[in-house]
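The values are calculated or read from the model by the stated rules, or taken from the named source; none is laboratory data. All values reported here derive from a predicted model rather than from experimental measurement. All Cβ positions, glycine included, derive from the backbone under ideal geometry; neighbour counts span all protein chains shown.
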Amino acid sequence: MRLSLLTPFVFLTACTAGTAEPRLELIGRIDIPEVDEASGLARSQRDPDLMWVHNDDGKPRVYAFDRAGQKRGRLTLEDARNRDWEDMSSFTLDGKPYLLIADVGDNMRRRKSVILYIVEEPDLGDDDKVRSDTAWEIELRFPDGPRDVESVTVDIENERVLLLSKRDLPPVLYSVPLRPEEDDTVTATRLGEIRSLPPPRRSDVVAAPKSKSWFWQPTAIDLHGDTAVILTYRALYWYNRQQGESWFDALNRKPERQSLGRIPNAESAAINADRSAAVVTVERKRPPFYRAPSPLED
């Protein structure tokens, strides 16, 4: 199915009888042949109808697509390497729009340090195949040893980056300055455990290597205004920060849970421009992408 930019999102999944939980709506597919392992997603800061996506390895590129899933351009990072890109975020700083790409994947927990690339978001109206140097980079290590991380976002209010570990039980939230004062490797600050995500049963953990199901693990995080989402393999969790509340405290309150149903390999999520929904996609070739209506009250 193809949708134009002006076509409203179409509801394609059935609601379960007796539940008020908003369900995900299949929009279409990201029709970009180069995208075969979509592991990071971010909304454009320039155009509310565009989003950016990247693979978890291969060429150091990010791709823009529209509401129909059609490719609108690409950006190649000249001085970057895609070792294991796992998430991305977008933000505006000093009037300029930026993308942050997180090369933080570490399945075997062997990397002594990982890296965040920050690049200015290009105007695709001028050129849809842009090559650019990074604006700056952040090399970081974790204070308690290597960590596998797939969830990274920018807390622009406090000018810092938040990173949520994947394989810890419960997952741990870390932070680093968005603009470190030194060029040396930064040691992340351990903010603490995020206990709002439902933990697995012991039997789930024991069975996971055979079942290949680690449904409790977080694979993406995004902040927008006072709204946050955390994606796991089974559900999307929505948080609403109260006035004066820190993000650590907000993420430790009970969230609104949104089931993914039978969607496999959910890897990426980003809140849309007006915070009415999040977009979710999966790690595969020509990945389907979904609209998740916000369950939060205005």
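Couple of notes before you dig in:
- Among (1) touching a Lys or Arg at 6+ places or on another chain (Cβ under 6 Å); (2) at pLDDT below 95, the one test that Asn265 misses: (1)
- Only residues that are within 14 Å of Arg72 (Cα to Cα) and in a loop (DSSP other than H, G, I, E, B) were counted across the stretch 25-43, and they come to 5.
- Top-ranked residue of the stretch 274-288 - restricted to ones that are in a loop (DSSP other than H, G, I, E, B) and free of Cβ contacts under 8 Å to residues at least 60 places away in the same chain, ranked as surrounded by the most Cβ atoms within 10 Å (Cβ to Cβ): Arg275
- Candidate set from the stretch 162-188 (those that are among the hydroxyl-bearing types (Ser, Thr, Tyr) and within 20 Å of the chain's Cα centre (by Cα)); member that is nearest to Leu231 (Cα to Cα): Ser165
This table checks each residue for (1) touching a Lys or Arg at 6+ places or on another chain (Cβ under 6 Å); (2) under 21 Å from Pro122 (Cα atoms); (3) touching a residue at least 24 places away in the same chain (Cβ under 8 Å); (4) of a type in the set (Lys, Arg).
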| residue | (1), (2), (3), (4) |
| --- | --- |
| Glu25 | yes, no, yes, no |
| Asp31 | no, yes, yes, no |
| Pro48 | no, yes, yes, no |
| Met51 | yes, yes, yes, no |
| Asn55 | no, yes, yes, no |
| Arg61 | yes, yes, yes, yes |
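- Filtering the stretch 131-156 to residues that are part of a strand (DSSP E or B), over 20 Å from His224 (Cβ atoms) and of a type in the set (Ser, Thr, Tyr) leaves only Ser132.
- When residues of the stretch 135-153 are limited to those that are within 21 Å of Thr76 (Cα to Cα) and among the hydrophobic types (A, V, I, L, M, F, W, C), the one surrounded by the most Cβ atoms within 10 Å (Cβ to Cβ): Val152
- Some residue of the stretch 289-298 being buried (at least 20 other Cβ atoms within 10 Å of the Cβ), touching a residue at least 60 places away in the same chain (Cβ under 8 Å), basic (Lys, Arg) and under 23 Å from Tyr63 (Cβ atoms): yes
- Selection within the stretch 231-273 - of a type in the set (Gly, Ala, Ser), surrounded by 18 or more Cβ atoms within 10 Å (Cβ to Cβ) and within 17 Å of the chain's Cα centre (by Cα): Ala235, Ala266, Ser268, Ala269, Ala270
- Summed over the stretch 62-71, the residues that are buried (at least 20 other Cβ atoms within 10 Å of the Cβ) and of a type in the set (D, E, K, R) give a count of 1.
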